[in-house]
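Reviewing the structure listed below.
We did not get these values from a lab; they are worked out from the coordinates using the rules stated. The model shown is predicted, which means the values in this text are computed figures rather than measured ones. We place every Cβ from the backbone using ideal geometry, glycine too, and count neighbours over all the protein chains shown.
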């Protein structure tokens, strides 16, 4: 069997045709493959953004859970420390209670005097001045018990000085207190005439 011999010009045309077909195949292949690569890149970016969003949502849920726990704890603490304030009309009972507290600590009261009430946004502030004599440790203990027994009373001033006439362990004291009393209710206003 004899093979035909290709002539040089025909062989050149065949090679050129093959090269052109190869180039066209590559171009069509790239034309189809490049958009697939770009689409895959876009898809990966979208998946990354979705995963970032999920991670952020998990973190926000955890923060919300922590904040709700903190809020519940604060609300419990507020409920436990809530102070029911008494009206200023109970001044005599309050002074009697303060006098009894001083007596339990063996303090001698020379004077207990309320001051003029002052209006505040949520309470009526009533200064109370207590003057007397007693020992330094009992004065300190009395103030500590006052804070526990009367959470609506603040100490605004304090003077303790040695009372040399009464003995080496005795002191003269002045406790400046502020009682946070309930505001007086406003009388009902009559409706304006029409």
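Between residue 47 and residue 27, the FRET efficiency from the beta-carbon distance, with R0 = 45 Å, is close to 0.90.
Quick check: convex hull over the Cα atoms of segment 88-181, volume per residue in Å³, rounded to an integer? Convex hull of Cα atoms, per residue: 83 Å³. Take the Cβ atoms of residue 131 and residue 73, set R0 to 25 Å, and the FRET efficiency comes out at 0.05. With both labels modelled 7 Å from their Cα along Cα-to-Cβ, the residue 149 to residue 96 distance reads 1.4 nm.
Work out the FRET efficiency for residue 104 and residue 183 from their Cβ-Cβ distance, taking R0 = 41 Å, and round it to the nearest 0.05. Spell out each step's value before the answer.
On the way: r = 31 Å, r/R0 = 0.75.
That gives a FRET efficiency of 0.85.
Model label sites at residue 156 and residue 40, defined 7 Å from Cα along the beta-carbon direction, differ in position by 8.0 nm.
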